[in-house]
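The structure under discussion appears below in the form of structure tokens.
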Amino acid sequence: MTILSVDGLTKTFDVHVLGDTRVVGLKDVSFDVTDGEFLAIVGESGSGKSSLLKCLYRTYEPTSGSVVYTTPDGPVDVASCSDRAVMSLRRDALGYTSQFLDEIPRVPAVDVVARPLVEKGVGRADARETARTLLSALSVPAELWEAYPATFSGGERQRVNLAQAIAPKPDLLLLDEPTSALDPNTRRAAIDLLSSYLTSDTTVIGVFHDTDVVEAVADRVLVLDDGRLQHIVPIEAYEGRVMSE
């Protein structure tokens, strides 16, 4: 079953400091994603990978095209629906994480990870227990769980960010370079956690630059170049080199 259908997605940016120069971030990108699939997005720096994810999450409003997400109540075009509908989708079905953690001032790491669970109605004690389990699986030292992520290293903050994103097991999870700051051991821990914690009900679209991560988690690979979709192949047929950022 197709859970997400992207058709003719285009995003342009008007750069005012360059005399209103128009920059094309995405050009006529179309693809479908099936329920429970893990789709990896790869391409050189500047190819449009992050712009694509932000359009899917509606952080960016697409210039044209559609992003139709299938909900239990019917299809919703994320590209053109109301802001209220977008917020409802984010609350009930969509998850997103970027490379960088937006710290909540004076909130311990365990509560940062527990927050999306509490917002879904999970009791605070149970939510914090799940948060501890996720932080432990990602090798975040126990002595940091009650500390503020603003004081953490880049890799530690990225692990908190990933734990926060996957904690509620969203129906569609969008990951933008979730392992870019991790060393090989913690990267492997992140791969294992994505495989073990998320169920087959979760569909994942993720931007990656590590070949080992792509090969470990992806069902298919979507290759972008200069804002255009080059091809989509099953992981068994993917022979390209994932470009480092």
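The values are calculated or read from the model by the stated rules, or taken from the named source; none is laboratory data. Since the model is a prediction, treat every value here as computed from it, not as a measurement. Here the Cβ is made from the backbone with ideal geometry for all residues, glycine too, and neighbour counts use every protein chain on show. With ligands, DNA and RNA removed, areas are computed over all heavy atoms of the protein, side chains included. Shrake-Rupley method; radii C 1.70, N 1.55, O 1.52, S 1.80 Å.
Within the range 104-118, can you find the residues that are within 18 Å of T179 (Cα to Cα) and surrounded by fewer than 18 Cβ atoms within 10 Å (Cβ to Cβ)?
Once the filter is applied, which keeps residues that are within 18 Å of T179 (Cα to Cα) and surrounded by fewer than 18 Cβ atoms within 10 Å (Cβ to Cβ), the range 104-118 yields nothing.
Among the residues of the range 33-47, what is the count of those that are open to solvent by 10 Å² or more (accessible area, probe 1.4 Å) and more than 19 Å from D219 (Cα to Cα)?
3
Filter the range 63-103 down to residues that are open to solvent by less than 50 Å² (accessible area, probe 1.4 Å) and either free of Cβ contacts under 8 Å to residues at least 24 places away in the same chain or of a type in the set (G, A, S) (or both), then give me how many there are.
Within the range 63-103, the first condition is being open to solvent by less than 50 Å² (accessible area, probe 1.4 Å), and the residues that meet it are 65-71, 74, 76-79, 81, 85-86, 88-89, 93-95, 97-98, 101.
Still in the list and also either free of Cβ contacts under 8 Å to residues at least 24 places away in the same chain or of a type in the set (G, A, S) (or both): 65-66, 71, 74, 76-79, 81, 85, 88-89, 93, 95, 98.
Result for the range 63-103: 15.
Assess whether R220 counts as being over 20 Å from L134 (Cβ atoms), over 15 Å from the mean Cα position of the chain (by Cα) and of a type outside the set (D, E). Break it down into steps so the answer makes sense when it comes.
Numbers: over 20 Å from L134 (Cβ atoms): yes; over 15 Å from the mean Cα position of the chain (by Cα): yes; of a type outside the set (D, E): yes.
So R220 fits the description; yes.
Starting from the range 143-161, take each residue that is of a type in the set (K, R) and list its partners that are part of a helix (DSSP H, G or I) and surrounded by 15 or more Cβ atoms within 10 Å (Cβ to Cβ), counting only C-beta distances under 6 angstrom and pairs at least six apart or across chains.
Correct list of pairs: R157/P149.
Out of curiosity, is G65 out of contact with any helix residue (DSSP H, G or I) (no Cβ under 8 Å at 6 or more places or on another chain) and outside any strand (DSSP E or B)?
Values: out of contact with any helix residue (DSSP H, G or I) (no Cβ under 8 Å at 6 or more places or on another chain): yes; outside any strand (DSSP E or B): no.
Here the answer is no, as G65 does not meet what is asked.
Residue under question is S30, and the condition is that it be polar (S, T, N, Q) and either assigned to a strand (DSSP E or B) or surrounded by 14 or more Cβ atoms within 10 Å (Cβ to Cβ) (or both); does it hold?
Details: polar (S, T, N, Q): yes; either assigned to a strand (DSSP E or B) or surrounded by 14 or more Cβ atoms within 10 Å (Cβ to Cβ) (or both): yes.
Answer is yes for this residue.
Kindly evaluate L53 against the criterion of being under 16 Å from I205 (Cα atoms), open to solvent by less than 40 Å² (accessible area, probe 1.4 Å), touching a residue at least 60 places away in the same chain (Cβ under 8 Å) and part of a helix (DSSP H, G or I).
Working: under 16 Å from I205 (Cα atoms): yes; open to solvent by less than 40 Å² (accessible area, probe 1.4 Å): yes; touching a residue at least 60 places away in the same chain (Cβ under 8 Å): yes; part of a helix (DSSP H, G or I): yes.
Criteria met by L53.
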